[in-house]
Amino acid sequence: MLKCPKCHTPCSGLTTLTSEVLEVRNKDKTPYLRRRRKCKECGSVFPTREYEVNELLTIMSSVNDEEIDLDANQTRLAGIVNDIEQDLIELLEWSKQIDKNRKNLNKHKNKSKKEGSDVN
Ligand SMILES: [Zn+2]
């Protein structure tokens, strides 16, 4: 069962009672759909991946296969690495945004303090 990694609340599939799908990505190089879910219980955001069953079986069997299709695996790997890279870029953007918001908030706090003393 798919659960929130933080609070372990089970995620529902189609209905969005306990988790909400924020984004769905379907890229050329990756053999899966990537969703970003938000847990409605704790607000935690986490990614999930949806594979076509045969594709997943191929991936799983290739792990034990002695004649691994290196090219196919490299393409998959490149796609996954690219995906992780995108995640990191996104995280960096978020952290920049959070930093900016924090600075603005502090500026605003200081400003309203000053303004407050002027008025009084
Ligand atoms: Zn949760």
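The values are calculated or read from the model by the stated rules, or taken from the named source; none is laboratory data. Here the structure is a predicted model, which means the values were calculated and not measured. For neighbour counting, all protein chains shown are included, and Cβ atoms are generated from backbone atoms with ideal geometry for every residue, glycine included.
A compact table of results
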{"item": "Counted residues, region 7-19 - those being within 14 Å of the ligand (Cβ to nearest atom), out of contact with any Pro (no Cβ under 8 Å at 6 or more places or on another chain) and modelled with pLDDT under 80", "result": "5"}
{"item": "Residue among 98, 84 that alone is more than 24 Å from residue 26 (Cα to Cα) and at pLDDT 80 or above", "result": "98"}
{"item": "Members of region 25-81 found to be modelled with pLDDT under 80 and within 16 Å of the ligand (Cβ to nearest atom), listed by number", "result": "none"}
{"item": "Any pair with Cβ under 7 angstrom, 6 or more apart, that starts in region 22-39 at a residue that is of a type in the set (Ser, Thr, Tyr) and ends at one that is surrounded by fewer than 13 Cβ atoms within 10 Å (Cβ to Cβ)", "result": "32/50"}
